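The values are calculated or read from the model by the stated rules, or taken from the named source; none is laboratory data. Note that the coordinates shown come from a computational prediction; the quantities given were computed from them, not determined experimentally. Note that we place each Cβ from the backbone using ideal geometry, even for glycine, and neighbour counts take in every protein chain shown.
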Amino acid sequence: MEYFLSEEEKAYLSKYHITDYERPSVAADIAVFRVTEEAEKNRRKKKPKKLQILLLRRANYPFKDYYALPGGFLRPEERIEETAKRELKEETSIDHAKPDLIGVYSEPGRDPRGWIISNTFLVLINKADCMIRTDEEAWEADWFSREELDDLPVAFDHRRIIEDAFRKLRYYAEHIDEQIFGLLPETFTLTDLQQVFEEILETELTKQNFRRKMLEYLEETDEVETGYSHRNSKKYRRKK
């Protein structure tokens, strides 16, 4: 339904000045996860997977030399989801991700610069799609496992946000959300898929039960993986 302003309403709005009221700055932060392969001495054995999150080392105050999630401020012409996508592309060159909201963080005093509200999004990417950018604003960007975060100096309230991001990711895995497949290439083996779920859930899964459960979400391809001690493995892709 189209809405038309009455003359009375136009007169009211002409005297309304938004600058008369305190207003927060609005930011979009992004928890970006990938899965990489750990070193394996036995070249014939499948390399185990390791879950990592992207953090930027801040070059400026506040929290200079601390690590923070990538992100930026909302522009007047943007929706907050567009801010997240823009920042993600600037930091990682990825322009096809689907940010999913983790939460809104508005605790008073969360940022020493002033009243800043963060809308934080979760993004899962395939390692091969990502190219990290480093500049004077964030002069060091790197990937960290959950264990490495314990001794890392983390800025603002981002440690709390990171924990929420891990919980959301675990929820994805427990409910077999299609977002999980963003961590994988287009085609993958069942072993690859199981290792990703095991890394997120932090538990070992029964091979037979896992595969029986997952096959309804997958379709077989003509591709096979070779080069390991086991027989050639079929590759699958997510059903569209």
**Request:** Confirm whether Gln208 is on the phi < 0 side of the Ramachandran plot and crowded, with 16+ Cβ neighbours inside 10 Å.
**Result:** no
**Prompt:** Does any residue of the range 159-179 turn out to be under 17 Å from Phe33 (Cα atoms), of a type outside the set (Ser, Thr, Tyr) and assigned to a strand (DSSP E or B)?
**Reply:** no
**Request:** Output the residue which, of all residues in the range 78-94 that are in a loop (DSSP other than H, G, I, E, B) and modelled with pLDDT of 95 or more, is nearest to the chain's Cα centre (by Cα).
**Result:** Arg79
**Unique match (being buried (at least 18 other Cβ atoms within 10 Å of the Cβ) and either of a type in the set (A, V, I, L, M) or within 22 Å of Glu202 (Cβ to Cβ) (or both)) among Ile125, Ile132** = Ile125
**Request:** For the range 223-240, name all the residues that are in contact (Cβ under 8 Å) with a residue 12 or more places away in the chain and outside any loop (DSSP other than H, G, I, E, B).
**Result:** Glu223, Glu225, Ser233, Lys234, Lys235, Tyr236, Arg237, Arg238
**Message:** Would you confirm whether or not the range 205-221 contains a residue that is assigned by TED's automatic domain parsing to the domain that holds Asp29 and basic (Lys, Arg)?
**Reply:** no
**Request:** Only residues that are surrounded by fewer than 13 Cβ atoms within 10 Å (Cβ to Cβ) and more than 22 Å from the chain's Cα centre (by Cα): list them for the range 182-205, please.
**Result:** Glu204
**Fill in**
Flagged in the range 77-95 as closer than 17 Å to Asp129 by Cα, of a type outside the set (Gly, Ala, Ser) and in contact (Cβ under 8 Å) with a residue 40 or more places away in the chain, in numbering order, are Glu87, Leu88, Glu90, Glu91, Thr92
**Asked** For residues in the range 132-149 being under 22 Å from Arg110 (Cβ atoms) and at pLDDT 95 or above, which is farthest from the chain's Cα centre (by Cα)?
**Response** Leu149
**Prompt:** In the range 11-39, which residue that is closer than 22 Å to Ile80 by Cα and exposed (fewer than 13 other Cβ atoms within 10 Å of the Cβ) is nearest to the chain's Cα centre (by Cα)?
**Reply:** Pro24
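Yes/no per residue for (1) at pLDDT 95 or above; (2) acidic (Asp, Glu); (3) surrounded by 13 or more Cβ atoms within 10 Å (Cβ to Cβ):
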site	(1), (2), (3)
Lys49	no, no, yes
Ala59	no, no, yes
His96	no, no, no
Asp100	yes, yes, yes
Glu107	yes, yes, no
**So Gln179, is it among the polar types (S, T, N, Q), touching a strand residue (DSSP E or B) at 6+ places or on another chain (Cβ under 7 Å) and surrounded by 13 or more Cβ atoms within 10 Å (Cβ to Cβ)** = yes
**Message:** Looking for something farther than 13 Å from Ala27 by Cα, assigned to a strand (DSSP E or B), of a type in the set (Ser, Thr, Tyr) and assigned by TED's automatic domain parsing to the domain that holds Thr36 - is there at least one such residue anywhere in the range 132-152?
**Reply:** no
**Message:** Which residue is farthest from the chain's Cα centre (by Cα), if the candidates are limited to the range 153-181 and must be of a type in the set (Phe, Trp, Tyr) and more than 23 Å from Asp222 (Cβ to Cβ)?
**Reply:** Phe156
